[in-house]
Every structure is written in structure tokens, then in C-alpha cells.
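**Student:** Before I ask anything, let me first share the structure, which is written out below as C-alpha cells.
The values are calculated or read from the model by the stated rules, or taken from the named source; none is laboratory data. None of the values given here were measured: they were computed from a predicted structure. Virtual Cβ from ideal backbone geometry, glycine too; neighbours counted across all protein chains shown.
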Amino acid sequence: MDDGRRRMTGRRALDEAILPTLTALLVALVAGDLLILSYGQAPGAVWRLMLDGTWGNAYGIGQVLYKATTLTCTGLAVAVGLRAGLFNIGAESQLAAGGFCAAMMALLVPPAFGPIVAVPLCIVAAALGGAAVGFVPGLLRARFGAHEVIATIMLNFVVLALLNWVMASGGLAVPETLHTRATPHAAVPRLASVFDAFHGSAANFTIVVAVLLTLVIAWLLFRTRLGYELRAVGLQPAAAENGGIRVPRTWLVAMVLSGAIAGIGGTNFVLGYKTYYEDGFAGGAGFLGIAVTLVGRNHPLGVVLAALFFATLSQGGLAIHALVPKQMVEVLEGVVILAVATSGHRVRRLLRMRPRTGAPAAPVAAPVTPPATAGAASTTVRG
Amino acid sequence: MPRHAATPRTTAAGPAVRMTGIVKRFGAVTANADASLVVTPGEIHAVVGENGAGKSTLLRVLSGMFTPDAGTVEVFGRDVTGWSTAQAIAAGVGMVHQHFMLVPTLTVAENVVLGIEPTSGLRFDRAQAERRLAELARTSGLACEPGRLVRDLSVGEAQRVEILKTLYRGARLLILDEPTAVLSPPEVDELWRVLRTLRDGGATVVLVTHKLDELMDVTDHITVMRAGRTVGALVTRRTTPAAIATAMVGRAVALDASGMPIGAAVSGTDDAEGTRDAATTATTATHHVFRAPDVGVPTPAYSDTPRLALEELVIAGTRRARAVDALSLRVQPGEIVGIAGVEGNGQTELVEAIAGLREVERGRILVDGTDVTRFPVGKRLRHGITHIPEDRHARGLVLDYSIAENLILGRQRHFARSGRIDRRRVRQFAEERIAAFDIRPADPDLPARALSGGNQQKIVVAREMPADFRVLLASQPTRGVDVGAIEFIHDQLRAARRAGKAILLVSAELNEILALSDRIAVMYGGRIVHVVPRAEASEESLGPWMTGAAA
Amino acid sequence: MIGAILLQTLRIAVPYLFAASGGVLAERAGIVSLALEGFMLGGAFGATLGAYYGGSAWAGLAAGIAAGLLLGAIHALACVRFGANQIVAGVALNLMVVGLTRFFLRLAFGSSSNSPRVAGFGGEGSAGALATFANPLLWLGLAVMPVLAFVVMRTRFGLRVRAVGEKPEAAESLGVRVNGVRWLAVVTSGGLAALGGCWLALDQHQFTDQMTAGRGFIALAAVIFGRWEPVRAGVACLLFAFAEALQIQVQGTNAIPSQFVAMIPYVLTLVALAGLVGRSVPPAALGRSDG
């Protein structure tokens, strides 16, 4: 009689993964239409222009790839945190700190060594810089059980202000600017140097780093002991604790790792695009990383796709600026996040899709939405 | 002042409460199969029974929380079957739950008046609330300090506030669900005094409990429930605690020649005045009939170094000051020690402490002579202490992990080479465990969430009983598990015992304890009050110890 | 000079006081207030639009409050009605408001950075003491915390807010409409924070892109640092404002760089989180979406 009732079919898993994203895209489409119409333009024309300006020509593709590279890194960073049950809102400052450290390393490394030596060193420096910024909220959570949400938000301001001061108070910055001296010997070559078509775009071979990073993180999360323990802590910390996993230490490791990944993202601008650090280069990419991982359902592959999506939106905003203010894109970003956050089981109920019979509606655990414990000051776990 | 109820509060003749033929099901579980209750106005009435007997469910039907699937409910002569809690409160029926519904950061007065606060203009008239409350406290005999914060109150004081809440809303019929479960002995005395005062003031009190020692002085009538049915309605002064306990747990199962049970348990006795029930089938979701323990197996050899030794353990609790109070116990290799007792007497805290999930205030835990009291969980695992947690969904499994991933939880290091998990070895291991424990469906990649309760538990058991474990802490190992899986798990436990392992078994199911244990220790109030070899134990002899009736 | 510093302190503190009061109310009811920044910015924009099209500061004030109430309602809809993760919803709302204000800034005024000059409550020299004290928003801002303290501690609504933020099950079991209380608290917090934005826009006589510049988060820091109590949070606001005012006065001497002064609220909150200034315990049901 007992053959084990299947409560979660493949179909339902697919629903959980795809449905919120589709809903969000739909909502974004509708919201965009409304905004376009309010500006007196025709939605069809605007969307077409957006596609032309992004995927319709090599320069556009290049720009999309460039922006997606940074977003992939910040998205991965937030994803790693979420997988461990932590909400890292500090990707923005971790990104900036990483870029800063990369620039500092580039200034330290003598030009004679060339990019083969300089670039890897700079990437390591970037990772360490981001990791250091991720360490603080990780420690606060592990030792004191403090909200990592609030801690990362506060630290964002502190770190960004600090970096601003370093640039503004002279010494490091080129006079009359807020950026450091250019370091071409530590530059990552542009894609245009190999593929002529990308001429003029900022796309560079940091994209390779981002791709590699995605593969490494995917491997880490799903193939290693560390990833196994990290995900277990994020899914069910009480069970993880029962299995001898040290939960607070895992939180700390997750935050440090998350910060390091975001830091590496900083090299896209600092080594690949400008070959110097500029105050404020992060430009909101850290916060967008949250959106990227939400839409990407917390999975490395999803993050890449979502990064491409948001990068398309961002670049597309520039392309449509003649017709509609590019700020429309920023509104859409917020709308998409909100739509993803409020969808899920509500949407299914709206579409009158009930969970399969027999199963008491077990709340689907949250690898894809920030779990209820993310940001909570207390858990059921000791310490 | 209490609000006016819509119905007359007392009738000249007729019971305050009459419930007949109540049936209530939750999915596959039948909580009330044929329950009844008759309460005289102005009395204190106790509803007693083991865990899972259906007492709480019955009273929640009465209070309006649940609608019965069948049967009728009459309160003060009025048919109120299926009413809502709001209607019940308006009619003067108030329920005090086991888990208090109080806001810790507000004062007593604020908690009592929440929802019907007196106001003067925009202001919440705190002074008036406190005045009314003080008046109510005076007339009802419940002492309280209206201005104190609830979080500063003791458990007994908090309970009084809960009672005051119901009285403030005009309750004339009070229902209390396991009110003494969280109280210390002096607080229990205080509660009885309060209830008597309320009764003398004309209120009717119905309380759910399983602690018999205290009932004899306080109650007027006792209704006994077992397996979802009412099996006895007794007059307190004409019965004895032993008789009540017997009615609660039923007679022992008769065995035939091959050791299998004949028929089913028979309820009711001839000693006490009450209903004699016909033979009923006892195999409900909560009441199983277990095979008798192995006969002819030699008793475990007692060595100087016990496998597991607990010395004077003191463990802090969340409700009571001490969940475990100077507890000592030894388990030998090749022995199953069963801890019998009603839930909430410290068993959970004890097992958690031995597993390393809870701190020990004083005392020591030793495994084969090694002091493991301060070891973290991982280190205890490596010392051979394994743990089947009582809540498999919270502590036992990561439901979104596959069967295989759950099976390696705790020893993932063994399967990792330089950080990378060897998936082939994991799969091999998982397939072996799945086969050995007959886990179905036998697909290692299936998420644990997709399995039935019994198979989920088998994952936990398979994981926690590797070849090399030394001490197993099995807490409610067959709760919510179907019959086939129960037998399987029991066989595994017996096999481990034969292989020389030590097992500490905690179960609220007395039959399970009796079916598996070599020795039985009864836990009550955080202490071990009785230890007895299996041969000398029975449901009747243990019942009084479990309920505190045996002094 | 002391007088100048004190005056500056009050002027800087007003938006913090408004936003922090909204934060205290919403968080005491159990809803995380990350959207204060968005509420404030929306209020500033609304005030600008209102003052421009309505011709007076009062019209601006009304419009600003309306904007705040609307944004608060959106936040409540997402968090209370749909049970969305409150942190995500807050971040999303902030992003949306930045985009919306920029979008409509272009639409209405054709500029991407600032609006034309609008009427305020003061005349030309509105930074002076006379003009400041004649500004009704100043007095409102100074009064908001004491009033909130009264509401939270002494009214029926405040009692229910506190109950709902600590143990919603208890309130629910007594017939209190938990969702209704939370709706009211969040929408009101939107209006209150928007008042802070109104002050900014009407004081500077224009709307500039992202003019709130993180003030909403400083207000949140004040709420946490003040342990979710109105008076304490108010003192924290004044403290942060004082540090800023001090720094502005000594700006020429470069004694403390402005960036470090800007950091003070955040560093203090981090310190509070680590429990170094006594335990900072949030309302028990804060952030729970099931609640």
C-alpha cells in the first residue's frame, strides 16, 4: 500500500521556477506601456527601438554584454548569500571596494610586469576588498545575531563615504577629478581588440571572468561540501545544526564569499573599461544585483539570463531616450522586483491552480525567494 | 464590568454543557470518534486522557474553534453546534489555551482589555482599564497587578491574566486546556484555589488534563477519553486515581501462542461507576498495537562503563525554570532504555542536550567514559552519538534536498575528497541505504518532500543508524508513520540492540515503550521517578507514575 | 555661532524627524521600513508639483502628503495584502520612486535634474532664523515625535499597533484586525515621511534629482538607534543633525571631513546592532510576512 505518494511533481517545480518570472515580465510590459503612453508615444515603436538599440547592432550587444558582466557578478553575490539564508544588500559597496582595491593593486604593480601578472593580482585584490566588506555584516550576524539587512545597508553608506573621502581628499586622485591615475599595463583588453564589430563599446574580456565565476559558483554550490552545507543552512538551519554543521560559521563564510564575488565585479569597470577607479562607478549595479537574483530564481544560470535582461533594459533605455526618458527603465526595474516579490503562491491561486491533492500545502522552501529568516535577528539555532 | 451575554447564564435544571456523539476528523486522522461530555452548572469538571485521546479537540469544538463533523453541542440548553469563537465569547464561554496569547511587552491591563479598550476621547483610558481590572480581580479572587508587564510575570501569574481575560469578557463557562502542564506545584495549588473561588462565584469550569494526583480534591466530575472516545464519566469522590489511570490507558493486550495480539484492547472497568464500553478496534492513527518484545533474548550484560551515562543533569527550560532536574541515568551496550512519560515533562530538552543542541547547566554526559558535555554537535556525531529528532520536518530533514543528500547529512565529509563531493559514492551509499531500509520510491534523487511521512522517517532512521554508531537517541521515532513503517523501524531498533548498540528511546506512546524497551524509566516533572525492568512493567503499573498519581 | 549651529541643527533635523516618526510607527506594527527614502522623495516631488501648479506652498504640502499616502498604500498592498518580503518590497519601492520622479520630472518640466523654482513657506532669505521659525513645517516637525509618543503609548490605536507588532496572534484572537492596523500604520508612515520630503522641496524651492540623498536611511538608523521608541528616535535625529550642522560650520577648517560626519549615523547603528550600547530589540513580529 505504501509506495510513497509523490507530492511535488516536476510540473509544480517548474511552476515555482518560471511563473513568478513570467508574471514579472508581463507586469513590466504593462507598466512600460502605461509610461510610454503617458509620454504620448506608441508602445510598439518604443519596444522595437529598444530591441534595435540593444540586440540589433554589434555596439548595442557589446554594451549589453558589458553591463551584464557587472550584473552577473553582483547577482551571483546576492544569490550566494540568499542560498545561505542571508540577504546581502551591501553588494554596492562590496563592488566599489573591490574596484578600488583592484585599482590600488594596479598602481602598486610595476608596469614592467605587464597584464599577465598584473591582472590576476588585481582580480585577487578586488576579491579581497569585497570580502573584507562582506566580513563585517557576516561577523555581526554570526556573533551577535544582528540583522544583516540593516548592517549591509549601513555599511554601504560608510564604505562609499570612505571611498569618496579617499578620492576627494587628494593624493590618489588625478587633480580636478575623482578618479585614480590610469594603469594601462593592468588593463583587460576590450572585445573590440579581437572582434572588430564591437568597436566603441565597453565590452571587455572580464566577461570571461564572469562566465568562469558563474561556472565556479555553480560548481561550488552544487558539487562541493561547502556548497552542500551552505544550502542546507539556508534551507533548514535546524536540520543543518542537527547534522553537526556550524551554522554561524557558515553564515560568516557565505557573507565573505558573497562580498568577494561582488568585489570581482568591480574589475569590469576598473580594469576593463576605464583602467582606473572612479568614485561612484558602481552606479546602482549592487542594488540591481538583488533584482537579478530574484528574477533569476537564485540559480547561477538564471542569474546570467536575468543579468542579460536587466542589461538590455538599461542599455535599451539609452536607445529610446529620443522618444521616452530613459528613466522609464528605472521605474520598470522597481516594478519587476515588486512583481516578483509579490507573486508566487498568490499568482497560482489567481490562476486557480491548486497544489496536488493529498498534500497539506507545505510552504515551498525558499531557495528562490528570500526566506523569512533572512534578516531576522533570531533563529531557532543556538548562537 | 463583564459584558452582557445574550443567553441566560444558568438554567434551573439541565446541564451547562451537553455534547453527544462528537466526531471530528483532520484528514486521515480521527481526533474524536464518538466523544461526549456532560457538565453540570457550577461545577469543576475535568476531562482526562493520554496524548492523542482527543481531549483538546473536544474542548475546541465546544469553544467554537472547530466545527464537528457529526454530533451536537448544547450550552445552557441552547443548541450551538458549529458556532464561532466570537459567538461563544458573546455567550459567556471563554477558553484559556495551553499556549498563552499574551503580548509580552504590554501590561496586564493592556492585555486584558485589548480589543475592547475603554477610551476617553482619543486617549486609551488606562486608569479606567486598571480600575475595572482591579475590581474584577477582587470579586473573582484572582490577584493581579494591572500595571506589570506580562513578560515579567511568572507562568502562573500569566495564566491568571489569561483567565481574567475571559472573565472580563463575561465568561461564565471557562475552559482550560492543560492548565497545569506548565506550572510548578505551588502554582498548581494556587490555580486550584482560583478555580474553586470561581466555582463558588457561580462559574462553571471545564479543564483538560492528564495529571491525576491533583484532581481528586478539586473536581466534581471526571470524563475519561481514550482514542477519540469518551470511555468513562465518573464522580470524583466515588473513584480512585488508579481507576482513572486504568480507564485512561486501557487493559494490557492479550497474546496468543505465537506472540501476536488477540483482538483489541478493551476499555472500561467494573471498579468505577461509569460506562462500560464494548470492545473497540484500537488501531486508529494514534493508537497502535505493537508486537511483544523479543522473547528468549539474553538480558544485556552490565559492564562497569555504561555506554551512556547521565549524571545529575540540570537543564534550563523555556517555561519552567528547570526542564530537567538533577537527572541521572545509565544505558548499557545492547540495551534499549525507554523513557515513558507524557510530553512536556522534560524529555525533549533532555534528548536535545545529549545531542548537543541545548546547553546543560550542570551535570555531565559521558559516552564510554568520555565526557562529551561540552562537545559541539559534530564532535558528538564523530563519537558515535546519533539522534532521531522528534520533529523530522524541522530538525530531521532538509525537505528540499534529495533522499541521497539527506542521507549524508552529518557525514558529508566522508564523501568529499578535497572539498568536492564524490557523487558516485554518495549514490552508491544512498542506494544501499534505500534498499536496506526499503525507502519508497527508491529514487535517490527525489526530494524528501515528495515522500510519505513513513518513508521520510525511514530516511532519518537510515541515516542515524550507520554501522558504527554507539548511542542512538530515538525521539518519537514512529510518530506520524504508517503501520508498515513502524514495524520496520522497530525491527531495526531491535537488530541494533542485538548488535550491542545502546539506544535511548523516548516516546509518548506507552505501547511503543513497552514493545521495545529492556528497561523503562518514567519521567515526570523533569525527573526520573521510576525505573523498572520490562518484565515488571505494564500499562496499568506505569500509568500512575506517568501522571504523578503514584506518590 | 552657537546660535547658527542650533538653527542649522533644527533645519537639518526636520526631515529626519518626519521620516523617523513614520519608521517608528510602521516598524512597531511589524512592517520593515526600508521605503522611507522612497516615501520622502515622492513627497518632495509631490510638493514641488503641487506648489508649481497650485501656486502656493500649502498646495504643495497637500500634494506632497497625498503622494506619500499613495506610496504608503502601495507598500502596504505589497507587504500586508500580498505578504511580499518586506525588505525586497522596500528596495523595489525606492528604485521605483527614483525612476518615477525622474520620469515625471522630464515629463512635467522637461529637465532631468531639477524643477523650476516653486513657492515655499519662507521668502527670499528662507534660511534665516526668522523665516525658519515662520515655517509651519518646522513646528510640525518638532512636534511630530512627541505626538507620536502620545499616539503609540496612550491611544487605543497605539496599543493595537504595539500588540500587532509584538504578537499578532494574541491580537487576532481578541478580534483586533491585524491587517487593518498594519495598513493604517504603513499608509500613515508614508504620509509622515513624505512631510520630510515636503520640507526639503519647499525649503529649497525646487526639486532636484534624488534630493533626499539617503536621509530616509539615516532616519531608519535613528529608529534603530532609538530602539523603536519615538522620543529616543527623536533624540537620535537631533544628534545626527547636530553632527552635520557642526561639520558645516567648521567646514572651512577641514577639521573633520564631511564624509566622516555623514558616516556617523551609520556607524552608530552598526555599533547598536552589535549590542555595544545595550540590546537593540526590534518588535518581535517585525518582518514576518505570515504574521
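**Student:** In contact (Cβ under 8 Å) with a residue 40 or more places away in the chain, in a helix (DSSP H, G or I) and within 27 Å of A:G81 (Cα to Cα): does that describe A:A146?
**Tutor:** No.
**Student:** Report whether or not C:G158 is part of a loop (DSSP other than H, G, I, E, B) and either of a type in the set (D, E) or within 12 Å of chain B (Cβ to nearest Cβ) (or both).
**Tutor:** For C:G158, the condition - part of a loop (DSSP other than H, G, I, E, B) and either of a type in the set (D, E) or within 12 Å of chain B (Cβ to nearest Cβ) (or both) - is not met.
**Student:** Of everything in the range B:195-230, what is under 21 Å from B:G344 (Cβ atoms) and of a type in the set (A, V, I, L, M)? Give them in sequence order.
**Tutor:** Correct list: B:L195, B:V206, B:L207, B:V208, B:L212, B:L215, B:V218, B:I222, B:V224, B:M225, B:A227.
**Student:** Could you figure out which of (1) in a helix (DSSP H, G or I); (2) modelled with pLDDT under 85; (3) within 12 Å of chain C (Cβ to nearest Cβ) isn't true of A:A372?
**Tutor:** The number of the failed condition is (1).
**Student:** Suppose we filter C:G214, C:G226 for residues that are within 14 Å of another protein chain (Cβ to nearest Cβ), within 21 Å of C:M145 (Cβ to Cβ) and in contact with a Lys or Arg (Cβ under 7 Å, 6 or more places away or on another chain); which single one remains?
**Tutor:** C:G226
**Student:** Answer yes or no as to whether A:L22 is away from chain B (no Cβ under 14 Å), surrounded by fewer than 17 Cβ atoms within 10 Å (Cβ to Cβ) and at pLDDT below 90.
**Tutor:** When the stated conditions are applied, A:L22 passes them.
**Student:** What is the number of the single condition among (1) within 14 Å of chain A (Cβ to nearest Cβ); (2) buried (at least 20 other Cβ atoms within 10 Å of the Cβ); (3) in contact (Cβ under 8 Å) with a residue 24 or more places away in the chain that B:S507 does not meet?
**Tutor:** (1)
**Student:** If you go through the range B:76-101, how many residues are in contact with a strand residue (DSSP E or B) (Cβ under 6 Å, 6 or more places away or on another chain) and of a type in the set (A, V, I, L, M)?
**Tutor:** Number satisfying all stated conditions: 4.
**Student:** Right, next: Let me spell it out: the conditions are (1) aliphatic (A, V, I, L, M); (2) at the interface with another protein chain (Cβ under 9 Å from one of its Cβ atoms); (3) farther than 19 Å from A:I18 by Cβ; (4) under 17 Å from the mean Cα position of the chain (by Cα), and A:A311 meets all of them except one. Which number is the exception?
**Tutor:** The single condition A:A311 does not satisfy is (2).
**Student:** Could you list, in sequence order, all residues of the range B:78-87 that are more than 29 Å from the chain's Cα centre (by Cα) and surrounded by fewer than 17 Cβ atoms within 10 Å (Cβ to Cβ)?
**Tutor:** B:R78, B:D79, B:Q87, listed by residue number.
**Student:** Tell me which helices (runs of 4 or more DSSP H) are completely within the range A:162-268 and hold 3 or more residues being touching a Pro at 6+ places or on another chain (Cβ under 6 Å) and more than 13 Å from chain B (Cβ to nearest Cβ), or say none if there are none.
**Tutor:** A:206-223
**Student:** Regarding A:V335, is this residue out of contact with any Phe, Trp or Tyr (no Cβ under 6 Å at 6 or more places or on another chain), at pLDDT 85 or above and outside the structural domain of A:L212 (by TED's automatic domain parsing)?
**Tutor:** yes
**Student:** Something else now. Mind counting the residues in the range B:137-151 that are aliphatic (A, V, I, L, M), closer than 17 Å to B:R193 by Cβ and either without any contact (Cβ under 8 Å) to a residue 12 or more places away in the chain or not in a loop (DSSP other than H, G, I, E, B) (or both)?
**Tutor:** Adding up the residues that qualify gives 1.
**Student:** Of all residues in the range A:64-104, which are among the charged types (D, E, K, R) and more than 12 Å from the chain's Cα centre (by Cα)?
**Tutor:** Answer for the range A:64-104, where residues must be among the charged types (D, E, K, R) and more than 12 Å from the chain's Cα centre (by Cα): just A:R83.
**Student:** Those residues that are surrounded by fewer than 16 Cβ atoms within 10 Å (Cβ to Cβ) and in contact with a His (Cβ under 8 Å, 6 or more places away or on another chain), I need them from the range A:113-135; list them, please.
**Tutor:** Within the range A:113-135, A:F113, A:G114 qualify.
**Student:** Now a separate question. Just checking, how many residues over the range B:431-458 are touching a Phe, Trp or Tyr at 6+ places or on another chain (Cβ under 8 Å) and assigned to a helix (DSSP H, G or I)?
**Tutor:** 3
**Student:** Let me ask something else about it. Can you name the number of the only condition in (1) surrounded by fewer than 21 Cβ atoms within 10 Å (Cβ to Cβ); (2) assigned to a helix (DSSP H, G or I); (3) within 14 Å of chain A (Cβ to nearest Cβ) that C:G83 fails?
**Tutor:** (2)
**Student:** Could you grab me the full set of residues in the range B:463-497 that are away from chain A (no Cβ under 14 Å) and more than 24 Å from the chain's Cα centre (by Cα)?
**Tutor:** B:M465, B:A467, B:D468, B:R470, B:V471, B:D491, B:Q492, B:R494, B:A495, B:A496, B:R497
**Student:** Select the strands (runs of 3 or more DSSP E) contained entirely in the range B:318-426, then report the ones holding at least 2 residues which are more than 12 Å from every other protein chain (Cβ to nearest Cβ) and surrounded by fewer than 18 Cβ atoms within 10 Å (Cβ to Cβ).
**Tutor:** The strands (runs of 3 or more DSSP E) meeting that bar are B:322-331, B:362-367.
**Student:** Take the conditions more than 14 Å from chain C (Cβ to nearest Cβ), buried (at least 18 other Cβ atoms within 10 Å of the Cβ), part of a helix (DSSP H, G or I) and touching a Phe, Trp or Tyr at 6+ places or on another chain (Cβ under 9 Å) and apply them to A:G138. Does it pass?
**Tutor:** For A:G138, the condition - more than 14 Å from chain C (Cβ to nearest Cβ), buried (at least 18 other Cβ atoms within 10 Å of the Cβ), part of a helix (DSSP H, G or I) and touching a Phe, Trp or Tyr at 6+ places or on another chain (Cβ under 9 Å) - is not met.
**Student:** Right, another one. Please work out if B:I175 is under 14 Å from B:R193 (Cα atoms) and either touching a strand residue (DSSP E or B) at 6+ places or on another chain (Cβ under 9 Å) or crowded, with 21+ Cβ neighbours inside 10 Å (or both).
**Tutor:** No; evaluated as a whole, the condition is false for this residue.
**Student:** Restricting attention to the range A:77-96, which residues are closer than 14 Å to A:A131 by Cβ and touching a Leu at 6+ places or on another chain (Cβ under 7 Å)?
**Tutor:** Within the range A:77-96, A:V80, A:G90, A:S93, A:A96 qualify.
**Student:** Sort through C:A47, C:A4 and tell me the only one that's surrounded by fewer than 21 Cβ atoms within 10 Å (Cβ to Cβ), over 10 Å from the mean Cα position of the chain (by Cα) and assigned to a helix (DSSP H, G or I).
**Tutor:** After ruling out the rest, the residue left standing is C:A4.
**Student:** What's the number of the condition A:I61 fails, among (1) crowded, with 24+ Cβ neighbours inside 10 Å; (2) assigned to a helix (DSSP H, G or I); (3) under 23 Å from the mean Cα position of the chain (by Cα)?
**Tutor:** The one condition A:I61 does not meet is (1).
**Student:** Looking at the range C:95-116, which of its residues are more than 8 Å from chain A (Cβ to nearest Cβ) and of a type in the set (F, W, Y)?
**Tutor:** C:F104, C:F109
**Student:** If we scan the range C:255-272, do we find a residue that is away from every other protein chain (no Cβ under 14 Å) and part of a helix (DSSP H, G or I)?
**Tutor:** No; the residues of the range C:255-272 include none that is away from every other protein chain (no Cβ under 14 Å) and part of a helix (DSSP H, G or I).
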